[in-house]
Amino acid sequence: MNEQTVHFMPRMDATPPARMVRVLALVAAICGSLVVAAHQGTLSAVQENKRIALERAVRKVLPEAREIIAYWLLPSGALAKANGAPPPGALVFHAGYDASGRLVGIAAEGAAKGYADTVRVLYAYDPHAQAVRGFAVIASRETPGIGDKVTKDKDFLANFPLSAQLSDDGTALAHEIRAVKHGTKTHPWEVDAIAGATITSRAVARAINEAAQALLPRLSPHLATLAQKT
Amino acid sequence: MVESPGSVFINAFLANNFVLAMFLGLCPFLGVSSKLETALPMGAATTFVMFVASTTAFGVNALLTAFGLEFLRLIAYIVIIASSVQLVEMVLKKHSPALFRALGIYLPLITTNCAVLGVALFQTAREYDFVQALMFAAGAGAGFTLALLLMASVRERLALSEVPAVVQGTALSLMLAGILSLSFMGFAGLGG
Amino acid sequence: MKTRPLAWEEFMEGVWRQNPVFVMALGMCPVLAVSVSAINALSMGLATTFVLVSSCALISLLRKWIPKEVRIATYIVIIATFVTVVDYLIQAISLTLYEALGAFIQLIVVNCIILGRAEAHASKNPPLAAIINALGMGVGFTLGLFALGSVREILGAGAWFGISLFGDGFQPWVVMLLPPGGFFVLGGWLLLFSFFARRRAGA
């Protein structure tokens, strides 16, 4: 060790590495236990909140449902009752039954990019009329007063029921659900956008369209099984 | 919902500009946007760190999800960003002293730039795939640089004009930012 | 001037003279992004105050042991821990609020006020003083956010805490809720503050 390196040696008050590691380990332990405690402590409340929020949304779009059962549509095409976290590739939907156990509608989630961020909606599909009866917004960061008109504007809500017939070969919707400029709606599968909130209207239409195109063709073979509560 | 990489880029760059519509990275935006020649290096340095952060955050998120450790995500991200800034600093110092001199003073600032953490957090929240995440980082960086450049060029002009003493400083910068933000609203819906 | 207890002085420092929002213009990102309504602004302010106070308390407790070479990294980890805690707490309290605040809860980590307090005050002072100082800053930050959120909600939606103020005849000034409105309202508040500061200095 020559003069030069001694010069660059840490000064006397520098922390020895062993102590540094010890302190960092202590800090990590404190922080780790805090995070784990918070995670465990709030887990049940958070899950309960999520369940209540979802249930409230499903009840809103299927008001006459007395019982709601969540199902998975597996990638293989098979149907299964939801139980825990959905397997990868599975589509989740909720079947609502009235007091006599008759299927009143299917509720499923869709999402599309809106004005500020992703708009997540829950739409209700009426299998008897082959139509989307209505929707509820689950999460959006759209501008209050503009974007949230989609849930309040009477003209916009008058778009529903929205035709969602399957095409003849049953692989897609016969007509794509899409938003059109305010006042130009001519078909039952078009969504008359709100003037001044076009982007959010379009997001709602696209969210419903994409989700329905993915779910409904694969769901149709199971509708007979689902028609009565099991 | 699948967003094309191009639309992700346009959204982060213009329609939902990181600074002017999402309010991310305001500290450097208000702090170092008084001169054009510092705005560009600052934007470039931030964009670079965003790329590094976005790529590593993507990997770390996949790792954490695989082990069911999502609750460590935030801590992991911030540590990654802080250490990648350090790493970039060291690499630049060793291999490109000229670039280091130009960017050096901005690098430590980037750790606490919420735009960088914002890129990591938003790409996770929106479940972007790898290509989308890269485009998102590119768009965010370009958007940040653009906002910085616009602001700097306006402020350079402003330095030469007479302003009532009471509005000088941050208040004036905020009003300017408001006007810029207003014009950026014209891009709404561009990304589809 | 009356002599007040030192703790009060310390507390008011952050609330008024060094107000992080109006005087120092620090931590602006969440200030502008979530201040579209009074309730959002208030919750964000409280969440930040919680993180600020608890991390400053912990840092102050550990200040003698934290090696100065790695102090910033340690502070960031501690702050990130409390942010994660508050993130879960908000999710447990109200999902609606959690959705409204979005990623900005997690962005509290990079709020310069917190790291600034940790480095400038908590690392040098005993826990009680650090807590009082942090509390002052937190309250000041919450007040600032709240002032901004209230103005934006009243002008932009004609309501306060979701309660309609002007009846149906009011045409909301929607731009106040959009991003530009955030810049304008904050600019306006800063203008007001600098106006009074100048008048006091001149008088």
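We did not get these values from a lab; they are worked out from the coordinates using the rules stated. None of the values given here were measured: they were computed from a predicted structure. Virtual Cβ from ideal backbone geometry, glycine too; neighbours counted across all protein chains shown.
For segment C:66-78, putting each phi into the Karplus relation 6.51 cos²θ - 1.76 cosθ + 1.60 with θ = phi - 60° gives couplings of 5, x, 5, 5, 10, 5, 4, 4, 4, 4, 5, 5, 4 Hz, in residue order, rounded to whole numbers and with x for Gly and Pro. For a straight C-alpha distance cut-off of 16 angstrom, the aspartates and glutamates reachable from C:K64 (same-chain residues fewer than eight places away being disregarded) are A:D13, C:E119.
Given the peptides B:46-57, B:8-19, A:73-84, arrange them by the average over their residues of other C-beta atoms within 10 Å, most packed first.
Numbers: B:46-57: 22.2, B:8-19: 24.8, A:73-84: 11.9.
Highest to lowest by the protection proxy: B:8-19, B:46-57, A:73-84.
Take every Cα pair under 8 Å whose residues are at least 6 apart in sequence, average their separation, divide by the length of chain A, and the relative contact order is 15 percent. The string of couplings for segment A:35-44 from the Karplus curve (6.51, -1.76, 1.60, θ = phi - 60°) is 5, 5, 4, 5, 5, 5, x, 9, 3, 5 Hz, one whole number per residue in order, with x for Gly and Pro.
Peptide B:146-158 has a mean shielding of 0, counted as Cβ atoms of other protein chains within 10 Å of each residue's Cβ.
Could you please report the charge total around C:F193, scoring K, R as +1 and D, E as -1 over all other residues with beta-carbon less than 13 angstrom from its beta-carbon?
On the way: positive: C:R17, C:R198, C:R199, C:R200; negative: none.
Spelling it out: positives minus negatives among the neighbours equals +4.
Compared with the dominant principal axis of the Cα atoms in chain B, helix B:73-95 is inclined by about 70°. Averaged over the residues of peptide C:157-163, the number of Cβ atoms from other protein chains lying within 10 Å of each residue's Cβ is 1. This model, with +1 at the C-beta of Lys and Arg and -1 at the C-beta of Asp and Glu, gives segment A:62-227 a dipole about its Cα centre of some 240 debye.
For the residue pairs A:K81/A:K229; A:K50/A:K81; A:K81/A:K113; B:K94/C:K124; A:K152/A:K185, alpha carbon separations beyond 23 Å are given by A:K81/A:K113; B:K94/C:K124.
Near A:V180, the amide H atoms lying under 5 Å from its own belong to A:V191, A:D192, A:A193; only residues 5 or more places off or on other chains count, and H is placed 1.01 Å from N. Between the helical axis of B:170-184 and the dominant principal axis of chain B, each derived from Cα atoms, what acute angle in degrees is found, rounded to the nearest 10? Long axis of B:170-184 versus the principal axis of chain B: about 70 degrees. Using only the Cα atoms of chain B, build the gyration tensor, take square roots of its eigenvalues as a ≥ b ≥ c, and label the shape rounded, prolate or oblate: rounded if a/c is under 1.5, else prolate if a/b is larger than b/c, else oblate. It is oblate, given that a/c is not under 1.5 and a/b is not larger than b/c. Seen from all directions on average, the protein assembly as shown presents a Cα convex hull projection of 34.9 nm². Only Cα sites of chain A enter the Debye sum here, all with the same form factor; the resulting log10 I(q)/I(0) across q = 0.15 1/Å is -1.03, listed in q order.
Comparing C:L52, A:L166, A:A193 along the charge dipole axis of the protein assembly as shown, the residue lying farthest to the positive side is C:L52, per the Cβ-charge model.
Projecting the Cα atoms of A:V119, A:L62, A:Y97 onto the dipole axis of segment A:62-227, where Lys and Arg carry +1 and Asp and Glu carry -1 at the beta carbon, places A:V119 farthest toward the positive end. Rounded to the nearest 20, the Cβ-based charge dipole of the protein assembly as shown about its Cα centre (Lys and Arg +1, Asp and Glu -1) stands at 1280 debye.
Here's the list of aspartates and glutamates a cross-link from A:K181 could span, going by alpha-carbon distance under 12 Å and ignoring same-chain residues fewer than 8 apart: A:E190, A:D192. Between amide H atoms placed 1.01 Å from N, distances below 5 Å from A:A131 occur with A:D126, A:A164, all of them 5 or more places distant or on a separate chain.
The modelled label-to-label distance between A:S220 and C:V174, using points 7 Å beyond Cα along the C-beta direction, is 3.8 nm. Placing a pseudo-label 7 Å from each Cα along the Cα-to-Cβ vector at A:D155 and B:V166 gives an inter-label distance of 4.4 nm. Taken one residue at a time, the phi angles of segment C:142-151 give Karplus couplings (6.51, -1.76, 1.60, θ = phi - 60°) of 4, 4, x, 4, 5, 4, 5, x, 5, 4 Hz. Gly and Pro are set to x. For C:S123, no residue 5 or more places off, or on another chain, has a built amide H under 5 Å of its own.
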